[in-house]
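Visitor: Could you have a look at this structure, given as structure tokens, before my questions?
FYI, it's all coordinate maths here, none of it is from the lab. All of these numbers come straight from a predicted model, not from anything done at the bench. Here the Cβ positions follow ideal geometry from the backbone for every residue, glycine too, while neighbour counts run over all protein chains shown.
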Number of protein chains: 2
Amino acid sequence: MSDLDLTRFSINQMTVKQLTLPELAAACRDLGVPAVGLWRAPVQEYGVEAAARLVRDAGLTVTTLCRGGFLTTVDADERAAALADNRRAVDEAAALGTDTLVLVSGGLPPGAKDLRAARERIADALTELAPYAEDHGVKLAIEPLHPMFASDRCVVSTLTQALDLAERFPAHQVGVTVDTYHIWWDDTAPEAIARAGAQNRIHTFQLADWITPLPEGVLNGRGQIGDGAIDMRQWQGYVEAAGYTGSIEVELFNEDLWAGDGRELLAETARRWAENVEV
Amino acid sequence: MSDLDLTRFSINQMTVKQLTLPELAAACRDLGVPAVGLWRAPVQEYGVEAAARLVRDAGLTVTTLCRGGFLTTVDADERAAALADNRRAVDEAAALGTDTLVLVSGGLPPGAKDLRAARERIADALTELAPYAEDHGVKLAIEPLHPMFASDRCVVSTLTQALDLAERFPAHQVGVTVDTYHIWWDDTAPEAIARAGAQNRIHTFQLADWITPLPEGVLNGRGQIGDGAIDMRQWQGYVEAAGYTGSIEVELFNEDLWAGDGRELLAETARRWAENVEV
């Protein structure tokens with residue numbers, strides 16, 4: 001991959017989840033990939049301190065940790081447990097050396113129909129979580145998920161909604177995740193990106209492409225960069241016009257891609273990234 | 001069903017697509033269902049004039065015909081064919097005695113990534129179609145479809161986008177379809193409904209509930225009224241505050257519901273409708 005400028009490339013661990021953490025670190029070194037976004041479950045499985053040492057020894061930057069959140073419960077015990085888990089996620093982010101924890105807010109509680117009330121509970125939880133994160137040098141990055149996840153995964157469906165929540169807190173505590181897969185359809189998103197950038201709240205920029213047909217459950221159908229309907233350079237242009245200069249991370253969930261060889265997938269993803277962004 | 005006030009109920013033919021048109025008409029008569037929304041394919045199969053006679057003889061009001069649209073092509077021949085087909089749809093609506101033709105705009109052409117340009121092509125096509133529809137006493141009702149359909153079915157994803165298109169034409173030519181399934185996640189939709197109502201552009205109000213997990217392809221997973229995440233009375237409240245007094249049509253696409261008995265499904269849908277709206 002020596003011909004590619006991968007300086008700003010980051011590979012999200014989920015994209016190549018068939019690789020173990022050591023395999024991922026080795027593949028990144030061999031291919032010249034400078035940065036990774038990590039996920040809590042495989043990091044916990046490997047051991048947080050061991051994982052931190054592994055990525056440090058491999059010279060990898062950790063751009064994000066995915067993910068905290070799931071803060072929409074109405075039950076007091078569940079809320080306390082969710083907050084405790086989110087504090088652990090902050091601790092893990094700090095241990096791994098990343099300053100960005102991605103938050104997926106959570107869906108509607110069973111039987112509930114009030115999206116606005118659920119978003120208010122997120123704001124309420126962040127009042128406790130955000131100062132804790134700041135104390136540990138970690139920024140929270142609220143990720144709006146595509147509206148098809150509004151009931152069961154994330155009641156924050158647009159960048160505007162994410163910003164409306166984030167703006168209740170200082171920018172160094174709470175910002176947003178801009179992920180093309182979730183917002184590409186939204187003609188108000190470019191304006192929201194400008195607003196986020198003006199406030200220094202674009203905490204990470206992630207890419208995945210939109211392909212159809214969507215699979216059952218719609219979670220694991222994200223397209224390889226360049227395979228779908230999204231103009232990546234256009235979205236890169238929006239975040240950069242808004243002042244974003246950080247990593248551009250690729251996060252794909254795709255059963256077909258996971259069925260193949262992980263190192264080849266990483267190499268292909270790096271090539272696609274370089275073809276579809278302005279480096 | 002004599003205990004239910006079904007005055008404002010309309011059953012969309014697709015909800016009970018296991019019924020033939022005569023079976024549907026008979027079931028409506030037996031159950032006291034006063035109105036139907038029809039689809040072009042089964043009407044054409046039965047014969048447009050015969051279908052018009054059948055529903056007229058059964059005393060049924062035809063609230064909508066579904067659907068015209070698919071106007072996003074860039075190819076001149078395809079565009080001409082699409083416009084010709086939409087003029088036929090207008091003719092069929094007029095023959096069936098409904099004043100409302102629902103429009104599903106169409107997705108991105110193969111390889112295209114520009115949603116805005118595709119929406120402009122819809123506006124361009126409507127310039128030809130809307131006066132033709134008016135001449136035949138038919139209003140066009142642009143339906144925003146859920147953003148999960150933005151690439152392959154409908155580049156109009158929000159009520160605001162639909163209104164931005166509709167407002168280029170007189171309200172008696174072009175308005176919008178308000179369908180809970182497609183807009184329930186959108187916190188800007190209530191304001192858009194108010195705007196649509198102020199301009200007399202709410203041409204039909206349809207209900208379906210949001211349930212998960214979504215099936216592969218995401219088309220046929222709409223929930224029976226009351227089974228999902230949508231507060232139907234709240235959305236009814238929005239359209240009525242905006243001045244809408246017309247039929248409230250139930251349009252479900254659901255493989256599981258289609259697998260059962262059509263008459264029982266119609267009876268159950270009427271019950272659910274009456275339980276979940278303010279009659």
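Visitor: Once you average over the residues of A:148-159, how many Cβ atoms of partner chains fall within 10 Å of each Cβ?
Guide: 4
Visitor: Would you mind calculating the gained length between B:Ala41 and B:Tyr132 on full extension (0.36 nm times residue separation, minus the Cα-Cα distance), in nm to one decimal? Could the numbers behind the result be given before it?
Guide: Values: separation 91, 0.36 × 91 = 32.76 nm, distance 2.14 nm.
Using 0.36 nm per residue and subtracting the Cα-Cα distance, I get 30.6 nm.
Visitor: With an 8 Å cut-off on Cα pairs and a minimum separation of 6 or more residues, tell me the relative contact order of chain B in percent. Mind dumping the intermediate values first?
Guide: Working: 561 pairs, mean separation 56.3, N = 279.
Relative contact order comes out at 20 percent.
Visitor: In vacuum, with every alpha carbon of segment A:109-207 counted as one equal point scatterer, what does the Debye formula give for log10 I(q)/I(0) at q = 0.14, 0.15, 0.17, 0.18 Å⁻¹? Two decimals, please.
Guide: So the normalised log intensities work out to -0.50, -0.57, -0.73, -0.81.
Visitor: Sticking with this one: Among B:His146, B:Val43, B:Met14, whose Cα lies farthest out toward the positive end of the dipole of segment B:9-276, if unit charges sit on the beta carbon of Lys, Arg (+1) and Asp, Glu (-1)?
Guide: Checking the options against the dipole of segment B:9-276, the answer is B:Val43.
Visitor: Let me check the size of segment B:9-276 from its C-alpha atoms; what are the radius of gyration and Dmax in Å?
Guide: 17.4, 50
Visitor: How far apart, in nanometres, would the label points at B:Arg88 and A:Glu49 be if each is projected 7 angstrom from Cα along the Cα-to-Cβ direction?
Guide: 7.4
Visitor: Turning to a different aspect of this structure: Give me, ordered by chain and number, the residues 5 or more places off A:Trp210 or on other chains with an amide H under 5 Å from its own placed amide H.
Guide: Placed amide hydrogens put A:Gly223, A:Gly228, A:Ala229, A:Ile230 under 5 Å from A:Trp210.
Visitor: Can you tell me which lysines have their Cα less than 29 Å from the Cα of B:Lys113? Leave out same-chain residues fewer than eight positions away.
Guide: Excluding near neighbours in sequence, the set is A:Lys17.
Visitor: For Cα pairs less than 8 Å apart in space and 6+ apart in sequence, what is the mean separation divided by the residue count of segment A:130-272, i.e. the relative contact order in percent?
Guide: Details: 236 pairs, mean separation 28.9, N = 143.
RCO, segment A:130-272: 20 percent.
Visitor: State, to one decimal in nm, how far the label point of B:Glu191 lies from the label point of A:Asn200, with both points 7 Å from Cα in the Cβ direction.
Guide: Simple spin-label model gives 2.9 nm for this pair.
Visitor: Further question on the same structure: How big is the Kirkwood radius of the protein assembly as shown, worked out from every pair of different alpha carbons and given in Å to one decimal?
Guide: For the protein assembly as shown, the Kirkwood estimate is 24.9 Å.
Visitor: Something else now. Have a look at B:Ala241, B:Ile230, B:Asn220 and report the one farthest towards the positive end of the charge dipole of segment B:214-256, computed about the Cα centre with Cβ charges (Lys/Arg +1, Asp/Glu -1).
Guide: B:Ala241
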